[in-house]
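The next block holds one structure in the form of C-alpha cells; read it before the comments.
The values are calculated or read from the model by the stated rules, or taken from the named source; none is laboratory data. Only a predicted model underlies this, so the values are computations on that prediction, with no experimental measurement involved. Backbone-built Cβ (ideal geometry, glycine too); neighbour counts: all protein chains shown.
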Amino acid sequence: MENNSLVRLQKALADAGVASRRACEELITDGRVSVNGEQITQLGTKVNPEKDELAVDGEIINANKSKSYLIFNKPAGVLSTMSDPEGRPSLGDYFKERSERLFHVGRLDKESEGLIVLTNDGEIAHRATHPSYGLVKKYIVEIEGHLSAIQAQELRDGMRLEDGLARALEVIVLREPTPKNAWIEISIHEGRYHIVRRMFEELGLPVLRLIRTEFGPLNIGETKVGRWRHLNEGEVENLFNVLKLNR
C-alpha cells in the first residue's frame, strides 16, 4: 500500500520555503541535499516531511513550518532579490525580523514599484509564476508623450518584440494627459523581462514610472510604499482557487 505521507523531496523542500521547486531540484542534483544524513542526488526520491530529517548544505530544514503569504509594496531602487552581494537595497532588507525563509513570487525590475508576493510556500511560488496559469498582472504606467487610440489598439492586438509576440489584455488612459506625459493602466498575463517597458518603448513612448497594482486575484490596496502585510483569509483562498490548489 502506498504511503500517503511520502512526497517528492523537491516538493518537501519547496513547501518548507527553501526555494522554488525548480531551484530545489537543482539543489538536489548538485548534491547539496541530504535526508537523514545521507546525500541525495536523485529527483525521484520520496520522503516523509513529518519524520525524515532534511538538510541543505548541512543546515537542517524545518519541513513543518507554517505557511506565510505576504504582499509588499516595493519602492523604486530596490532589487527583487532577498540579498545582494554588492550591498544594494533588496527585498531582504525589509524582512530581516522574520524567522522563516521567504522568497519572492515573480519580480519587478529595480526601478519599478508596487506589488510583490513573498511566501515560504514553494508550491504557490511555482504555480504563480508558471506560464500555464497565466496570472494577470495590472500596472499603472506613466509614459513620456501621449498614447493614441491607434497605439492603444496595437498594444491590445499584440506587437512583435525580439523574444516574441507581446499583447495587452486591457489598456486604459487613466487621466487627461499633460503636454508632456500620460498615465496608462495596462493588464497583461506575461511575466517576461521588462515586458511592459519594452512594449511602450516599441511605440516610441519611454516609461517614466511603472507601478504594479494587481497580481492575479491580489491587489496592492492601501499598503504603503516600503510596507508589507499578510494576505487575509479571503485573499489566500482566492489565490489557491485560481492556482487550482487545495488548502
| From LEU165, LEU79, which residue is in contact with a Ser or Thr (Cβ under 8 Å, 6 or more places away or on another chain) and either in the same structural domain as LEU231 (by TED's automatic domain parsing) or surrounded by fewer than 17 Cβ atoms within 10 Å (Cβ to Cβ) (or both)? | LEU79
| task | Could you check, for segment 172-185, whether at least one of its residues is surrounded by fewer than 18 Cβ atoms within 10 Å (Cβ to Cβ), among the basic types (Lys, Arg), in contact (Cβ under 8 Å) with a residue 60 or more places away in the chain and more than 30 Å from ALA16 (Cα to Cα)? | result | no
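Before we move on, is PRO85 farther than 18 Å from ALA125 by Cα, buried (at least 16 other Cβ atoms within 10 Å of the Cβ) and over 17 Å from the mean Cα position of the chain (by Cα)? Reasoning before the result, please.
Working: farther than 18 Å from ALA125 by Cα: yes; buried (at least 16 other Cβ atoms within 10 Å of the Cβ): no; over 17 Å from the mean Cα position of the chain (by Cα): yes.
No.
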| Residue count for segment 210-234, restricted to those that are acidic (Asp, Glu) and in contact (Cβ under 8 Å) with a residue 40 or more places away in the chain | 1
| query | With ASN181, ASN219 as the choices, which residue is touching an Asp or Glu at 6+ places or on another chain (Cβ under 6 Å) and not basic (Lys, Arg)? | reply | ASN181
| query | If you go through segment 159-204, how many residues are assigned to a loop (DSSP other than H, G, I, E, B) and either touching a Cys at 6+ places or on another chain (Cβ under 9 Å) or at pLDDT below 95 (or both)? | reply | 15
| said: Can you tell me which condition LYS74 does not meet? The list is (1) charged (D, E, K, R); (2) touching a Gly at 6+ places or on another chain (Cβ under 7 Å); (3) over 22 Å from GLU222 (Cβ atoms), and all the others hold. | reply: (3)
